[in-house]
Structure formats: C-alpha cells, structure tokens
Amino acid sequence: MKRVFGVKKDKEPPPSINDASDRINKRGETVDEKIKRLDVELSRYKEQIKKTRPGPAQEAVKARAMRVLKQKRMYEGQRDMLYNQTFNLDQVSFAAEGIKDAQQTMSALKSANKELKGMMKTVKIQDIDNLQDEMMDLMDVSSEIQESLGRSYNVPDDIDEDDLMGELDALEADMGTEAEGVPSYLQPDTESDLDSELNLPSAPTGQAAVPAGRSNAQAEDELGLPTVPRASLRG
C-alpha cells in the first residue's frame with residue numbers, strides 16, 4: 001500500500017517572524033552589494049564620457065551607462081520593497097512580544113492573587129483588633145508603673161497647693177520692696193555700719209597740729225611727712 005499510495009510527508013512548521021525577517025535582511029544585503037558594484041561602474045563610465053570626444057564612441061559609452069543606471073534603479077526599488085517588508089515584520093514582532101509580555105504578566109498576577117488569598121485566610125481582622133486592644137492596655141499599665149516608681153518619698157501627700165502659692169506670692173512681694181529687687185540680707189554691708197559695730201577710732205586726716213612755740217617748723221607734704229629739701233645747681 002505504501003508503494004502504491006506513498007508515505008504521507010510531515011508538514012514543515014511555518015517560518016517564524018524572526019526567520020522571515022532574517023531571510024529578507026539577507027536579500028536586502030545582497031541587493032545593496034549589487035547597487036555598490038553598479039555605482040562603481042557608473043563612476044567609470046562618467047570618467048570615460050568626460051575624456052571621450054563627442055561622437056559615436058561617446059554615445060556608446062552613454063548607452064552602457066544608461067543600461068547600468070536602469071539596473072541600479074531596479075535594484076533600488078527592490079531594496080525599498082524589502083525594507084518595507086522588514087518594517088512590517090518588525091511591527092508584527094513587536095506586537096507579538098507585547099502580547100507575550102501581557103500573558104506572562106497575567107500569569108504572574110494570577111499566581112500572586114492565589115498566594116495572597118491563602119495568606120489572608122490565616123490573618124483575621126478581629127485578631128488584629130484584639131491584639132491592638134491588649135497592647136494599649138499593656139501600655140497603660142506600664143505608664144502607671146513608671147509613674148508609681150517615679151513618686152518621691154519625702155513629699156507628703158497632704159500638702160495644700162494653695163498655701164504654697166500664697167507663700168510664693170509673699171516671697172515675690174518681699175523681693176519687690178528691696179532695693180533693686182535684692183533682699184536686705186543679700187546686700188553688702190556699708191563701711192560706716194562696720195566701723196560702728198567694731199568701735200574703731202577714726203583714721204588721721206593727714207595734717208598734724210603744729211606746736212605754738214615752734215616757729216621754724218619744717219614744711220610737710222600731703223601725708224603729714226616732712227619734705228626733703230631740694231639741692232640746686234648754680235653756675
């Protein structure tokens with residue numbers, strides 16, 4: 001039967017976008033090489049036309065140059081068509097890659113959603129509220145303990161704050177009646193008061209009394225001491 005009907009051939013997989021794009025790019029590179037060779041040939045014909053005198057020879061060179069120019073135009077048209085095909089394939093490839101990325105994103109979101117639902121089953125809002133209430137109660141108890149431990153033992157509990165405020169006001173009034181706001185017991189003692197308390201004799205004034213029978217008394221200075229005579233130099 002196989003000899004009569006033959007064996008069914010396996011179908012080849014369709015080319016991918018990347019394969020088609022690579023094939024077109026190779027064709028475009030081949031066309032570019034042909035255009036470069038034609039440019040070199042056109043340059044040579046231009047030099048010949050410049051050097052050849054007008055006549056049948058120059059016309060023949062021009063005819064060959066026109067033929068090469070037509071080939072170049074044809075290859076340029078093919079190259080533009082290949083470039084357009086490559087551009088279209090690139091657009092399709094970009095769209096296909098975007099769809100693949102979207103599929104992967106959706107798959108990742110579904111997996112994360114499933115995992116998040118499983119985690120939420122183990123967490124209850126009521127448990128969180130109860131935990132917060134317990135923490136607030138513990139913080140209140142801790143504050144009461146700290147306040148109790150920080151209380152002073154020397155201060156009695158039956159002190160009236162109004163009495164303390166009255167005593168403070170009286171102290172401020174007493175300080176206001178003193179000179180320059182300083183109490184009398186903080187002011188420095190004056191010299192007269194100190195002398196009166198110690199009963200000390202008064203200091204000498206610096207001028208001693210001169211006896212009556214003393215006519216040739218020496219002159220005295222401001223402190224009551226005899227002055228020293230000054231020697232004079234005469235020529």
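The values are calculated or read from the model by the stated rules, or taken from the named source; none is laboratory data. Small disclaimer: the values here were computed from a predicted structure and weren't measured. Cβ: placed from backbone, ideal geometry, glycine included. Neighbour counts: every protein chain shown. Just the protein is used for accessible areas: all its heavy atoms, side chains included, with ligands, DNA and RNA removed. Shrake-Rupley method; radii C 1.70, N 1.55, O 1.52, S 1.80 Å.
For the range 74-91, the criterion of being part of a helix (DSSP H, G or I) and over 60 Å from the mean Cα position of the chain (by Cα) is met by at least one residue. Whenever a residue of the range 27-47 is in contact (Cβ under 8 Å) with a residue 12 or more places away in the chain and within 10 Å of Lys72 (Cβ to Cβ), its partners that are in a helix (DSSP H, G or I) and among the small types (Gly, Ala, Ser), lying with C-beta atoms within less than 7 angstrom and at least six residues away or across chains, give the pairs Leu42/Ala65. Test each condition in (1) part of a helix (DSSP H, G or I); (2) modelled with pLDDT under 75; (3) open to solvent by 100 Å² or more (accessible area, probe 1.4 Å) for Leu164 and report the one that comes out false. Looking at each condition in turn, Leu164 falls short on (3). Within the range 89-139, the set of residues being within 30 Å of Ala20 (Cβ to Cβ) and basic (Lys, Arg) comprises Lys100 only.
Taking the criterion of being open to solvent by 100 Å² or more (accessible area, probe 1.4 Å) and aliphatic (A, V, I, L, M), the residues of the range 100-109 that qualify are Met106, Leu109. Taking the numbered list (1) modelled with pLDDT under 85; (2) part of a helix (DSSP H, G or I); (3) hydrophobic (A, V, I, L, M, F, W, C); (4) open to solvent by less than 80 Å² (accessible area, probe 1.4 Å) in turn, Ala217 passes all entries but (2). Within the range 50-57, identify whether any single residue is assigned to a loop (DSSP other than H, G, I, E, B), of a type in the set (Gly, Ala, Ser) and more than 59 Å from the chain's Cα centre (by Cα), and answer yes or no. Looking for residues that are assigned to a loop (DSSP other than H, G, I, E, B), of a type in the set (Gly, Ala, Ser) and more than 59 Å from the chain's Cα centre (by Cα), one finds at least one in the range 50-57, hence yes.
Is it true that Tyr153 is at pLDDT below 75, open to solvent by 80 Å² or more (accessible area, probe 1.4 Å), part of a helix (DSSP H, G or I) and of a type in the set (Phe, Trp, Tyr)? It is false that Tyr153 is at pLDDT below 75, open to solvent by 80 Å² or more (accessible area, probe 1.4 Å), part of a helix (DSSP H, G or I) and of a type in the set (Phe, Trp, Tyr).
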